[in-house]
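The values are calculated or read from the model by the stated rules, or taken from the named source; none is laboratory data. Bear in mind that the values here come from a model prediction, so they are computed numbers and not experimental data. Every residue, glycine as well, gets a Cβ built from its backbone with ideal geometry; the counts of neighbours run over all protein chains shown.
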Amino acid sequence: MSASEAIVPAGGAEATASGTLAALPQKKNFRQRAHSNPYADHLLEYPTSHTEMNWNEFFPAYFKEDGTPVYPDSDVSSVRFLDVGCGYGGLTVSMSKLYPDRLTLGMEIRVKVSSYVHEKIQALRQHGAAAATPEQLAAGKPTLYQNASVMRANTMKHLTRFFGRGQLEKIFFLFPDPHFKRAKHKWRIISPALLDEYAYVLRPGGIVYTISDVLVLHRWMDSHLEAHPMFERVSEEEIENDPAIYLVKNSSEEAQRVDRNGGRKFLAIFRRIVDPDERNPLPPFTPAVAACTPVEALQIPVTAVEAIEADDEPEPEQE
Amino acid sequence: MSDSAFRQPFSFILDARDNIVLIFGNDFQIVNKASATITHSTRAVEGAHHIEGGHTTPIVAAALSPGQGHFVTSSNDRIVTIWDTATWTVKSSRPVNKRITSIKFNKDEDTFIVADKFGDLLSININNTETLTPLLSHLTIVTDFAFARDGSEIVSADRDEKIRISRFPKCHLIDGFCFGHDSYVTRLQMMAGAGPDASDILLSGGGDGLLIAWNLLTGSLVQRVSITDMIEQRFAAGQDAEKQDVDIMAIVATSDQKHVAVAVEDYPGIFVFNFDASAAEPLSFSQTLRVSADHRPTALAIDAEGRLFVGWSNGTQLLSAFDLVNGKFEQSSADIVTTINNSSSVRVVTVPSMLQYLQLRSGAQKTRVLGREAVRGDTDLMDEDAEQPDAKRVKTDE
């Protein structure tokens, strides 16, 4: 992480960066109820298949206008980290800073919420560019947050249209909708049917992260992952050494809500394994290396005054 | 015979070697090909054995086991019945939770698989019908499924335009997807590939009027035929300004895989294609079969000899047969056709609508917008605060 990056603690008077930088969007303008019907036929856009997807709009520093990657045959030639139901984008943004050598995409079905995250990432990219050192700029590498993006999408319906077999290294499910009623259990984001698809888009060795403050939902997710033949539980030791865990627990608005309410957070973390009958199984991959500490990854440049005025929550935005 | 003016059309025709099985409404009949007589019927027919224990609501799916020893039917009231074909008696019967959309046997005589309206595929053993074994699930209605690669794969299609290729019986292992339909997928038909190393070719039809050939190994699209366009060009040029996608309702192939017949909902003709798995474009249009503009197809079947049976509604004939003569289908005047047209089915006061896919079309995703600007910023259309799928809203964008 660059020491010159414009980090302003929440409550700070002003941004150190140029005054023309975009203020972070005001969350109150993007409030939306927490539930969305994933079965409804929303007017969503999706490619016919992942080979036809043009990612330029989402990662302009990494994909040319014709959709070809700027850095082919590298780890940033396609999306590797997916935050399903990214909400206000806390994890998406902090993961992108923790792992600058990976592209992190948040998917969110609620239009206002995904618009908010879009605005936020646009603002953060401006801050990231302004904070880059001359050496960094001379090297021609994309600046901070260019590797984070958000898309309004229904992953339950369209996940496999966006991502090919074995493309993803990590999938996150942070505080998903519990869908308490039995009749709505099919709407839960972890189910045997969807786990088949998650196994398909995950590379062998890829990790599924789930966290919830709702014990019954946690048990549901944990038991379904446990029962699925293509997932194995990640060891406690490995979890402790995974820098992403800190962000899973602390980066999202939902995580902060749970903290405020004194709730507990339950983790279920599983690895995608190779099925012995799998045809042409993909080889294991080299895991991404964190570029900073998770605590540093959580710090984002805030144009503080606007952010505090904007937030109608008791706590200032600090994702 | 009653005074009622119409006869119930056939909803399914199944080839059973020496016999054909005709399904109409709640009922079915067995017709022997050689003698051209109705031998068994759930309805009283002179000279035919009466089949006891039939359904009391319309039959919505049916299948014969590979050895033809078992026949399985399911009705609208979610009853699944297994019949012993030696005696045409009920072997067992059980209710299921969701309406069945399709029944298929793989290679096992004693196990059949059902797809239901909830999107689940379940396996049922004939000798232990108590247990339903879940195989895989889709998020929406599974409309049809098929077995591929010598029964080691199962291909399932749903209302969300999706075709999933899974290992069988290890169905949690997904081998791929076939993406290319713009609407719900209605029918699947497997074709063996050319040569030992060639991939099987899957044919699929949809509510977008498309007949698509897929390489099943890669999931890639091999050929796309728009039946909607064919209807426009060949039969309705200039007459109908508003183009409307048709629903493909049946795809059948001859056992030598050289000919494919396709029926479209509410259109009075059968499209016949020649099929060559080794060609770059395996499907080439051959001919259209029609009786009259009143004859709308309701069911298709091809038997081992290559005779194509077509069930009709509305018209004077309930059934036509077409025989292959020098590579083309010609209408047959076989005795069995006469028998069926004279004696089969039942008279009804009104002909029931055979349009199966209306419920899929309602609220279905008929729109795929690849240009993002068209939707972005249109918050009214995108406001998903409405919890219910809103068919009207979707239609505005068609």
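Structure summary
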read-out: Selection from region B:102-132 of residues that are of a type outside the set (Phe, Trp, Tyr) and in contact with a Lys or Arg (Cβ under 6 Å, 6 or more places away or on another chain); value: B:Ile113, B:Asp116, B:Lys117, B:Thr129
read-out: Residue check for B:Ser292: more than 16 Å from B:Gln223 (Cα to Cα), out of contact with any strand residue (DSSP E or B) (no Cβ under 6 Å at 6 or more places or on another chain) and small (Gly, Ala, Ser); value: yes
read-out: Selection count where residues are under 30 Å from A:Thr286 (Cβ atoms) and more than 14 Å from chain B (Cβ to nearest Cβ), scope region A:213-230; value: 2
read-out: Verdict on B:Arg347 being at pLDDT 60 or above and closer than 30 Å to B:Ala253 by Cα; value: no
read-out: Filtered residues of region B:115-153 (kept if part of a strand (DSSP E or B), within 11 Å of chain A (Cβ to nearest Cβ) and small (Gly, Ala, Ser)); value: B:Ser137
read-out: Any helices (runs of 4 or more DSSP H) falling wholly within region A:190-249 and containing at least 3 residues that are aliphatic (A, V, I, L, M); value: A:192-201, A:215-227
read-out: From B:Asp84, B:Asp77, residue being surrounded by fewer than 19 Cβ atoms within 10 Å (Cβ to Cβ), of a type in the set (Asp, Glu) and within 21 Å of the chain's Cα centre (by Cα); value: B:Asp77
read-out: Qualifying residue in region B:122-140 (condition: closer than 21 Å to B:Ser220 by Cβ and among the polar types (S, T, N, Q)); value: no
read-out: Total residues in region A:165-189, condition in a loop (DSSP other than H, G, I, E, B) and among the aromatic types (Phe, Trp, Tyr); value: 2
read-out: Which listed residue is part of a strand (DSSP E or B), surrounded by fewer than 23 Cβ atoms within 10 Å (Cβ to Cβ) and hydroxyl-bearing (Ser, Thr, Tyr), from B:Ser92, B:Ser102, B:Ser156; value: B:Ser92
read-out: Answer from A:Arg271, A:Arg264, A:Arg257 - the residue that is surrounded by fewer than 19 Cβ atoms within 10 Å (Cβ to Cβ), more than 14 Å from every other protein chain (Cβ to nearest Cβ) and farther than 24 Å from A:Leu298 by Cα; value: A:Arg271
read-out: Of residues in region B:164-211 being within 14 Å of chain A (Cβ to nearest Cβ), within 15 Å of the chain's Cα centre (by Cα) and hydrophobic (A, V, I, L, M, F, W, C), the one farthest from B:Tyr357 (Cα to Cα); value: B:Leu210
read-out: Qualifying residue in region A:152-163 (condition: within 14 Å of chain B (Cβ to nearest Cβ) and part of a strand (DSSP E or B)); value: yes
read-out: Single match in B:Ile201, B:Ile227 (criterion: among the β-branched types (Val, Ile, Thr) and within 26 Å of A:Asn280 (Cβ to Cβ)); value: B:Ile201
read-out: Residue that is surrounded by the fewest Cβ atoms within 10 Å (Cβ to Cβ) [pool: residues in region A:130-176 that are under 17 Å from A:Trp55 (Cβ atoms) and small (Gly, Ala, Ser)]; value: A:Gly164
read-out: Residue that is nearest to A:Phe81 (Cα to Cα), among those in region A:182-203 that are more than 8 Å from chain B (Cβ to nearest Cβ) and aromatic (Phe, Trp, Tyr); value: A:Tyr198
read-out: Cross-chain or 6+ apart pairs with Cβ under 6 Å, region A:215-240 first and at negative phi and of a type in the set (Lys, Arg), then buried (at least 18 other Cβ atoms within 10 Å of the Cβ) and outside any helix (DSSP H, G or I); value: A:Arg233/A:Phe270
read-out: Test: residue in region A:55-70 that is in contact with a Lys or Arg (Cβ under 8 Å, 6 or more places away or on another chain), within 14 Å of chain B (Cβ to nearest Cβ) and part of a loop (DSSP other than H, G, I, E, B); value: yes
read-out: So B:Arg307, is it of a type in the set (Lys, Arg) and under 20 Å from B:Gly205 (Cβ atoms); value: no
read-out: Test: residue in region A:279-289 that is touching a residue at least 12 places away in the same chain (Cβ under 8 Å) and within 14 Å of another protein chain (Cβ to nearest Cβ); value: yes
read-out: Residue, nearest to A:Tyr116 (Cα to Cα), within region A:71-88, restricted to residues that are in contact with an Asp or Glu (Cβ under 8 Å, 6 or more places away or on another chain) and in a strand (DSSP E or B); value: A:Phe81
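Conditions tested, residue by residue: (1) touching a residue at least 12 places away in the same chain (Cβ under 8 Å); (2) touching a Phe, Trp or Tyr at 6+ places or on another chain (Cβ under 9 Å).
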{"position": "A:His50", "(1), (2)": "yes, yes"}
{"position": "A:Phe63", "(1), (2)": "no, yes"}
{"position": "A:Tyr88", "(1), (2)": "yes, yes"}
{"position": "A:Thr104", "(1), (2)": "yes, yes"}
{"position": "A:Tyr116", "(1), (2)": "yes, yes"}
{"position": "A:Gly128", "(1), (2)": "yes, yes"}
{"position": "A:Gln136", "(1), (2)": "yes, no"}
{"position": "A:Gln167", "(1), (2)": "yes, no"}
